[in-house]
1. Over the stretch 1-138, what relative contact order in percent results from Cα pairs under 8 Å that are six or more residues apart?
2. Determine the distance separating the Cα centre of the stretch 136-159 from the Cα centre of the stretch 163-203; give it in Å without decimals.
3. What chymotrypsin sites (Phe, Trp or Tyr not before Pro) in the stretch 96-174 are in a loop by DSSP, with at most 11 other Cβ atoms within 10 Å of the Cβ?
4. So, R0 is 41 Å and r is the distance between the beta-carbons of M141 and V67; what FRET efficiency does that work out to, to 0.05?
5. For the stretch 168-211, report the convex hull volume of the alpha-carbon atoms normalised per residue, in Å³, without decimals.
6. Calculate the dipole size of the chain relative to its Cα centre from +1 charges on Lys and Arg beta carbons and -1 charges on Asp and Glu beta carbons; express the result in debye to the nearest 20.
7. DSSP beta bridges in the stretch 1-116, what fraction antiparallel, as a percent rounded to 5?
8. Please state the relative contact order of the stretch 85-213 as a whole percent: Cα pairs under 8 Å, 6+ residues apart?
Amino acid sequence: MAAIKILGICGSPRKKSAYTALKAALDSASAADPEAECELVELRGKKFHLCVHCNQCLRKGSDRCTVFQDDMTPLYDKFYEADGIIVASPVYEMNVTAQTAAFFDRFRSAWKRGIDDPEFFVRKVGAGIVVGGTRNGGQEMTVDAINHFFLAQGMTLVTGGNGMYTGAMLWNPGDGSTDMDDPAGIENAKVLGRKVAVMARVMKEADLWNLQA
């Protein structure tokens, strides 16, 4: 049985609530599929330029930025090699963090992958985790932003279902500097992590079956 790779991207500038929720999801994914290779990458402290939409990557036929060589450069391979991707972000002004948005924007070059192999992203699954400072603090808009990034790539969305319709949405009162105290939210993150592992496995095995057919 082929190993699946699950990549967790933490878009928080701090190692606090979003990190805690993402780690819980990845630990749950590992427990659900012992063969899964899970990795958590923090955008915190990384230095990468903003996409200027110059389209040099597309003109040069590259699946990664050809203008800037920075901390984003090695993340392309991690993203492209992953079978399942979970992005976690705290809620900033009812949206993802600047770090998360900048990470998303640098995938203009991903268009090349889709042109070369129309099913490349179809075989990948994505899920979102968000943490707000209030119970209704913009979590739905923020998780929608994450989901729309996955949809823009043509990936298959993984959601929790049954009350967790679009992703795991947690809250940590105040500025998020305290320890996470949202048992229901953490449980949702774990459910999401398990489902990502299951769906990544399903897509991987279906892909292998098609190759052997």
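1. 33
2. What the calculation gives is 14 Å, centre to centre.
3. When the chymotrypsin sites (Phe, Trp or Tyr not before Pro) of the stretch 96-174 are filtered for loop state and at most 11 Cβ neighbours within 10 Å, Y165 remain.
4. The value I calculate is 0.85.
5. Convex hull of Cα atoms, per residue: 74 Å³.
6. 440
7. The antiparallel fraction comes to roughly 10 percent.
8. Once divided by the residue count of the stretch 85-213, the mean separation gives 26 percent.
The values are calculated or read from the model by the stated rules, or taken from the named source; none is laboratory data. Treat the numbers as computed from the prediction; the structure is a model and nothing was measured. So basically every Cβ, Gly included, is an ideal-geometry build from the backbone, and we count neighbours across all protein chains shown. Quick note on the areas: whole protein, heavy atoms, side chains included, nothing else; ligands and nucleic acids left out. Shrake-Rupley method; radii C 1.70, N 1.55, O 1.52, S 1.80 Å.
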